[in-house]
Every structure is written in C-alpha cells, then in structure tokens.
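Novice: One structure is given below, represented as structure tokens, and several questions about it will come after.
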Amino acid sequence: DVPKATEPRGDSDGPRRGSLCDRHCAAINNVHGDLGDLGCHLHRPRIPPAMCPPSCCQQHSEEVCESCVVRTTLTAENAVEANKLSNNYKFGFKKWKSHVTARPWEDRSEIVKELYSDLNVIRGSGGSTVTCGNILYLLLFGWWLSLLYVLVAAVMFVTVVGAPYGRLCWDLAGYFLWPFGKVIQKVEVPKSRQALGACEAGAGESSALLGGPMPCRWSPRCWVDSRYWRRAGTVAWLCLGYPALALAHGLVCVTAWLLVVLIPVAKLSARTAARVLLLPPERVLVRHLRMTEVPLEGEVILCCYRAVNPYYYKYAVDGINVFAVNLLPLVLVTLVLGYVDSHNRLTSSPVKFTLALLSIMPLSYYIGMAIASISAQSNFAVGAVVNATFGSITELTFYITALIKGSREGNRCYAEIVKSALTGTLVGCVLFVPGLCMVIGGIRHQEQRFNSRSAGVGSALLFLSVGGVFAPTLFSKVYGKLVCGECHNVTQNPLGHYLCHNCHFDLMENNGTLYYSHVQPLVYTVSLLLPAAYLIGLFFTLKTHSHIYDIHISDCHMPGHHHSAVVHWSRWRALVILLLSTLCMSACADLATEHISPILTNSTVSQYFIGVTVLAMVPELPEIVNGIQFALQNNLSLSIEIGNCIAVQVCMLQIPILVLFTIFYPTNFTLVFSDLHVYASMFSVVLMNYIFMDGKCDYFQGTVLVMVYFILLAVYFFAPSPSGC
C-alpha cells in the first residue's frame, strides 16, 4: 500500500553525460526502484545522469557514483510521518513499520480500500462466487445459520402475528446459506403509504436522504413511540426470534474476527444483527444479483462476494494491527487466571506460563507503537530518552522478576535461565532475524543491497559489546580453579584416565578472594564502560557522522496532501498506553516466572534450550515481524538494523542494568557465562560480519545464517542442564 511519488524531472536542456558512472546511476535508479535501504514510504527520486556530480562522474571507474547510492530521500504524507521514518534510521531508536498517523483515503490502494468497505457496494462483474473461502464459510457457518433461521421462521409462523417475520427469516435462511452474489436492500415506502403512516401530529419533518417528508415511525425522534414498535408481531419478534439470531450472529462475528481472514463474515453478521433484523419485514428485500440486472432503487445494506480475504493481515483499528487487537483479551484472561486462581484449580502452571508468554507479544507491540508515536511527535532529546528508557523494558521486566524469584527461593537455576535468555536474544538477533529477513526478502528481490557503512558501525559496536560482556568469563577461565562434582576412574588404575561430571571454575576459593578482589571489580568496570560506549555510538551516528545515513526529508509532500496530520495516538494517550502496557508487562512477567518452576523441574528438555528459544525470542516477535515487512519492501538496511540494535542493547544496556540491579538487590546473577554461551555468541558475531562485508546479500546467505542458528539450537537442545538446575 504505497502512495505514488512523482518523479522529479531533470533539465531537458542540460548536458548529457555518457560515462560509466552515469550508466550506473541510471541502472541504480531504474532497477528494482531502490537499493534496499528504502522502506514502504521511502522513495528515492530517479536521478538523471546530468545530475551526477562531475567530480564523481568524470572518474570513468567501475565504482558506482556514491552520491547516487548513499543518499536517501524520505517522502511522507506529513511531517509527523516523516519524523517517524527518519527515526527508523537513527541508531538506538526503535524501528517501526506501521503508520502513526491516519493515511488519506485517496492515497490507499484498491486492495486496502476494500478491507475497510461496508459490504454495500455492487460490482459489475465479480467472477465466480464458488471459491475455497466461500465453501469454507458454508462448512463453518452457513449450514447451521440457515437451519437456525428456518427454525425461527417456524416459530414466528406459529405465533400467527409474527408471520411477516417468518417470511423474512425464510428468505434470510436461503441468503445466509450462500450469501455471495446476493443483495439485501432496504425498500423505500411509496409516498402514498408514507402519508398514511405519518404521525397524527403531522410534523413536517423532512429528510435530505429520502427527498421528502419523513414518516414519524422512521424518525429517530419518535422511534420508540411509533406504531411499528407497538404491533403485536414486533413484540413477538423481539421476544422470540431476534434474541436467538442476535446471539448466533454475535458468535459468528467473534469467531470470524479472531480468524482475521474471515473478517468479511464478521462484518456481514454484525450488520445483519444491528441493521437488517431491526427493520420492518416489508422493507427488507433479499434478491439474487444477476450480472445483467439493474438493481432496484433503494439503499443497499449488504452485498458480499468473498468470505475470505487474505489481505486482512493489514487491517488496523485506530492504527492498531488486527492481530494485536485480537490478542489483547488474552492479556486480561492471563491476569485474571494468574491472580485469581492462585492454587491452580482451574488451570495448571504450564498453561498459565504459556498464556503469560503469549500475552507479552501484544504488550510488546503496544509499547513499540507508543514509543514510535511519542518519538515522532517530539524533539530528538525526548525521543532518545523514551527509546533508551522503554526500548528494553520488555526483556528487563522478565529478567528482573526471574532474578528476584530465584533470590527468594535460593535457586541458582533462575540466574542461569536469565543468562540463557540473554545469549539467546543475542544469537537470535545476530543470526535468525537478519537471516529470516534475507530469505523472505530474497524470494521477492533477487539481490538486496544495504548501507554497508551504517552496518559497519553496528558491527563494530557489537564486537566491542560482546568482548566486554564475556571479558569476566575469560578472566575466570584463566585464573579460576576447575572443580568437578563426581570423578570415576575409567581404567581402574590410579594413574589412569578419570571421567568427571559437573565441572566448573570455582571463583570462591580462599573465601572468594578471586571473585571479590578481581572478578567483581572487572564486572563493575565493564558495566560502566559498555553504556559509555553506547553513548559514544549515539553521538557518533547521530551528531558528528550523521552523513553516514545521509537522510534527507523532502520539503514537498505527496501530491494532494494539503491537510494536517491526524495522529492515531496523541503524546498523552501514547504515554498512558505505554505506562499501562509496562505495568501489564510486569504482571505477565511475574506470572511467567511464578509458573516456570514446574517446567524447569519436570521437563526433559535442557534448561539452556528453554531460555535460548522460548524466553529469548517470544518477546522479540513484533520486532521480527517489522524486520520481515521491511525486507519485503526491499529495505534490508532496517531489517539488519533491527537485529543489530537489539543485540547491542542486550550487551550495552540490559546486562549493565542487571549488574547494577544486583548491587541494590543481591541475587545469584554473576557476569560469568558458560563456555557454550561464549562460543555460540562469538561465532555468531564473526559469521554475521563476514556475511555483511560487501553490502549486498541474497536468500542463499540468509539461508546460511538461519541454518547456523538451528544448528546452535540443536546444540543447546542436547546439552546437559546447567549446574544448579
């Protein structure tokens, strides 16, 4: 759903250059539209060869004209949207794909316009109505809805006074069995009947819609007092027929809405219960729409051609994606079950743990959209503070609650789970997120390019952060004493080979002198240096060397955009949603850590695997979806930046915050990781930097990253549980 951007025209009388650089410029701007660092609303104007700088174009080299490649022009509907797009390219800011402002209706594509239609448009030729989606409707809803209408029709015929409603239900039974290609219309009452049906008061109320006097019984002012509602048949209908049908349509509406692709069926049911069933039966006409037949005069209430529309994954309610809307009730169910059923009488601990993890996904989405909305409507300082404060709130909330629970129970397993989750987030964002985006984006685009200079800055920070995080671990390996729990002589010879289990490096020898005098000061030093390096990276990329990204916001807006921005969430509303989502996130994280203990003790899977996969990647699912959407729009730069930004924040912000937290609240968390975590993280970072060296990629390189990630998951799956679990 991309608005069309006008192509700037160069001077036709200008000099024509035929150098190799000019041909590169023309190829770059015409093949695939952009080079991969542009998103859905980022449009690179086609630069004519005459506009290339002479200093670059006169070199006649094989290198591409740098000014034609690096420069990125952002064109958006309004200033707020342009600010959001610009923030996506800033280091340390959360990358957000969805709009934070309402898009003008005229700029939407026909596919998106159809998503928001009211199912009352008659098309000239819609093709055959026998489709797989329509047959699915028949199997799921059509047959029993039609049967219910037949039963209600029989009941209304028995009452005699409700016979008109019985005939209406009989017609609707055939309609809802197969509503496709049929029309429900509101028939206009002839003027002679309107005069007879007018109120005795004879108020000359008129309606611009009907073009004449409005009968009192159709006027909202005297709806309740009209003779229509005093008729015995209407009373019988409202007592016997309408409640059952409204309940059935409500069930269909909720079920179809939750299935997303069946939202047209949900609209059909909602409009029927709220409009059709409340009209007088003589004003409702159900008819089959033939291609050559001219529709009758009157308002079209329902006209549906397809029950399934796969594009409804784009549907949004007040700027909120439909999946986030559907998962929001899950948060309420999780909180009620978690805190009301504390003794597990209704559900078990594994069920509550699963619900708590699933509830984190929509809350992460709301937090991300709130951060993007506040940043887009505020200055740079406020946006930087909000992103730094709440950017990692999802992960930190879970880690801190797990460490608190482990400290209270004296269980070291929770600290090991947190370390596994930190490592899993790092490895997943370095390998899985960019690899998956390369694979999916490579299916649509043969080769994708990205800004290698900006990716190099992220890679350098990632190298620095990984080295700093694992420095205490390497220090303990050098100076620690290897202690094993059980050793058995394999050869029955005192000088033979021994098989040992549960070996680890002991840092508490001689009353913990090594740890407290050497390792702990090193941990505190690293925890101070890493955030300082993060701030230097922010200052480097956003202030002194911002030309690396070369982001330019166009002064002219899109054609036809002469209106002010209509934001979905104002700053205060976004702030309230951000605080409420953070509060709910804390509650869900508390429930997850409360009910994870039976899973850790009874599961046959290694605790390493649980932490690296479930606890690490579930909170990052909204970010993964954003990265995939950017990759599909040939904007791989932002897909890579999403993974790099999360990985850097894990090492440079989240881990130092956890270390700082242990100072004020002593826990079992120490910045000493197992060998498996060290090797997996370092190998992942080296492989990622090797893949990203040339500034271009394809689906094969993405497949390599994804396969390496799955190999590491297999290693964690078969690894023994960490000591203390």
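Novice: Determine which single condition Q59 fails, assuming it passes every other condition in (1) touching a helix residue (DSSP H, G or I) at 6+ places or on another chain (Cβ under 8 Å); (2) modelled with pLDDT of 75 or more.
Specialist: (2)
Novice: Also, quick follow-up: Let me confirm something: among L136, L119, which residue is among the hydrophobic types (A, V, I, L, M, F, W, C) and open to solvent by less than 40 Å² (accessible area, probe 1.4 Å)?
Specialist: Details: L136 fails: open to solvent by less than 40 Å² (accessible area, probe 1.4 Å).
Selected residue: L119, the only one of L136, L119 that is among the hydrophobic types (A, V, I, L, M, F, W, C) and open to solvent by less than 40 Å² (accessible area, probe 1.4 Å).
Novice: When residues of the stretch 353-371 are filtered for being of a type in the set (G, A, S) and open to solvent by 10 Å² or more (accessible area, probe 1.4 Å), how many remain? Show your work before the answer.
Specialist: Going residue by residue through the stretch 353-371, those that are of a type in the set (G, A, S) are 356, 359, 364, 368, 370.
The next check asks that each one be open to solvent by 10 Å² or more (accessible area, probe 1.4 Å); those that pass are 364.
Final tally of qualifying residues: 1.
Novice: On the given criteria, is R167 in contact with a Cys (Cβ under 9 Å, 6 or more places away or on another chain) and not hydrophobic (A, V, I, L, M, F, W, C)?
Specialist: Values: in contact with a Cys (Cβ under 9 Å, 6 or more places away or on another chain): no; not hydrophobic (A, V, I, L, M, F, W, C): yes.
No.
Novice: Look at V614 and say whether it is surrounded by fewer than 18 Cβ atoms within 10 Å (Cβ to Cβ), β-branched (V, I, T) and part of a helix (DSSP H, G or I).
Specialist: Details: surrounded by fewer than 18 Cβ atoms within 10 Å (Cβ to Cβ): no; β-branched (V, I, T): yes; part of a helix (DSSP H, G or I): yes.
Here the answer is no, as V614 does not meet what is asked.
Novice: When the stretch 669-713 is examined, which residues are found to be of a type in the set (G, A, S), farther than 16 Å from T425 by Cα and part of a helix (DSSP H, G or I)?
Specialist: Residue satisfying the conditions is G702 alone.
Novice: What number of residues in the stretch 635-671 are surrounded by 22 or more Cβ atoms within 10 Å (Cβ to Cβ) and over 21 Å from Y534 (Cβ atoms)?
Specialist: Total meeting the criteria: 3.
Novice: State all residues of the stretch 448-458 that are out of contact with any strand residue (DSSP E or B) (no Cβ under 6 Å at 6 or more places or on another chain) and either surrounded by fewer than 20 Cβ atoms within 10 Å (Cβ to Cβ) or not polar (S, T, N, Q) (or both); if no residue qualifies, say none.
Specialist: Scanning the stretch 448-458 gives F450, S452, R453, A455, G456, V457, G458.
Novice: Can I ask one more? From the set of residues in the stretch 375-392 that are surrounded by 18 or more Cβ atoms within 10 Å (Cβ to Cβ) and part of a helix (DSSP H, G or I), which is modelled with the lowest pLDDT?
Specialist: A384
Novice: Which of (1) crowded, with 20+ Cβ neighbours inside 10 Å; (2) of a type outside the set (F, W, Y); (3) out of contact with any Phe, Trp or Tyr (no Cβ under 8 Å at 6 or more places or on another chain) is the odd one out, the single condition A307 does not satisfy?
Specialist: Evaluating A307 over (1) crowded, with 20+ Cβ neighbours inside 10 Å; (2) of a type outside the set (F, W, Y); (3) out of contact with any Phe, Trp or Tyr (no Cβ under 8 Å at 6 or more places or on another chain) leaves (3) as the failure.
Novice: Let me spell it out: the conditions are (1) over 23 Å from the mean Cα position of the chain (by Cα); (2) modelled with pLDDT of 80 or more; (3) surrounded by fewer than 13 Cβ atoms within 10 Å (Cβ to Cβ), and L462 meets all of them except one. Which number is the exception?
Specialist: Just one mismatch for L462, condition (3).
Okay, residues lined up against (1) in the same structural domain as H288 (by the TED database); (2) on the phi > 0 side of the Ramachandran plot; (3) modelled with pLDDT under 90:
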| residue | (1), (2), (3) |
| --- | --- |
| T159 | yes, no, yes |
| D171 | yes, no, no |
| G181 | yes, yes, yes |
| R193 | no, no, yes |
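The values are calculated or read from the model by the stated rules, or taken from the named source; none is laboratory data. Source: prediction; values computed, not measured. All Cβ positions, even for glycine, are placed from backbone atoms using ideal geometry, and neighbour counts span all protein chains on display. Calculation scope for accessible area: heavy atoms of the full protein, side chains included, ligands and nucleic acids excluded. Shrake-Rupley method; radii C 1.70, N 1.55, O 1.52, S 1.80 Å.
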